[in-house]
């Protein structure tokens with residue numbers, strides 16, 4: 001004799017139970033996934049906020065450094081300006097005795113028959129305007145200038161001859177380069193040491 005057992009209700013109840021477990025697992029998975037997504041979002045937002053805070057800090061530091069660099073550049077410009085002024089003053093101090101040397105040299109080398117009417121200095125060039133009794137005297141004056149200690153390279157710019165009733169004069173213009181003597185250079189070198 002065969003016993004017949006009806007398993008349909010048990011299978012139905014097992015299917016319902018498995019379906020409930022599946023739905024519970026699905027809901028638990030969704031809830032866990034939701035919690036994980038929210039947790040990750042929270043973590044990522046924290047990282048993002050931390051990175052923003054770092055970026056803001058870096059921006060503030062960069063702006064502070066930019067201001068410092070600007071201040072340094074201003075100081076460098078001021079320093080350069082001061083050094084330029086110091087160099088100009090030093091150059092003037094060095095050239096101060098040069099005028100005395102030049103006038104002494106001119107007084108020593110001007111021959112008779114040469115008369116200076118105007119003398120101007122433009123940097124390292126001296127412009128001399130004057131009168132000469134003869135062209136020979138003017139040539140001699142130019143040769144002596146080229147051999148002088150403080151003057152060099154006399155260049156005749158213009159010469160005009162004027163006849164007057166009493167005497168014949170030549171008006172002339174000379175350009176002369178000023179040089180520093182080797183002795184003066186040695187003094188400057190000693191001062192720098």
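Restricting attention to region 77-94, does a residue exist that is under 30 Å from residue 131 (Cα atoms) and in contact with a helix residue (DSSP H, G or I) (Cβ under 9 Å, 6 or more places away or on another chain)?
Within region 77-94, not a single residue is under 30 Å from residue 131 (Cα atoms) and in contact with a helix residue (DSSP H, G or I) (Cβ under 9 Å, 6 or more places away or on another chain).
Scan region 42-57 and tell me whether some residue there is surrounded by 10 or more Cβ atoms within 10 Å (Cβ to Cβ), in contact (Cβ under 8 Å) with a residue 24 or more places away in the chain and part of a helix (DSSP H, G or I).
Checking region 42-57: not a single residue is surrounded by 10 or more Cβ atoms within 10 Å (Cβ to Cβ), in contact (Cβ under 8 Å) with a residue 24 or more places away in the chain and part of a helix (DSSP H, G or I).
Taking region 139-154, which residues are modelled with pLDDT under 75 and farther than 15 Å from residue 126 by Cα?
Residue satisfying the conditions is 147 alone.
Looking at region 109-136, which of its residues are in a helix (DSSP H, G or I) and either farther than 23 Å from residue 157 by Cβ or touching a strand residue (DSSP E or B) at 6+ places or on another chain (Cβ under 9 Å) (or both)?
109, 135 - these are the residues of region 109-136 that are in a helix (DSSP H, G or I) and either farther than 23 Å from residue 157 by Cβ or touching a strand residue (DSSP E or B) at 6+ places or on another chain (Cβ under 9 Å) (or both).
So if I check each of 99, 86, 69, 144, which one is without any contact (Cβ under 8 Å) to a residue 60 or more places away in the chain, crowded, with 16+ Cβ neighbours inside 10 Å and not in a strand (DSSP E or B)?
Result: 144 is the single residue among 99, 86, 69, 144 that is without any contact (Cβ under 8 Å) to a residue 60 or more places away in the chain, crowded, with 16+ Cβ neighbours inside 10 Å and not in a strand (DSSP E or B).
The values are calculated or read from the model by the stated rules, or taken from the named source; none is laboratory data. Fair warning: this is a prediction, and the values are worked out from it, not measured in the lab. For neighbour counting, all protein chains shown are included, and Cβ atoms are generated from backbone atoms with ideal geometry for every residue, glycine included.
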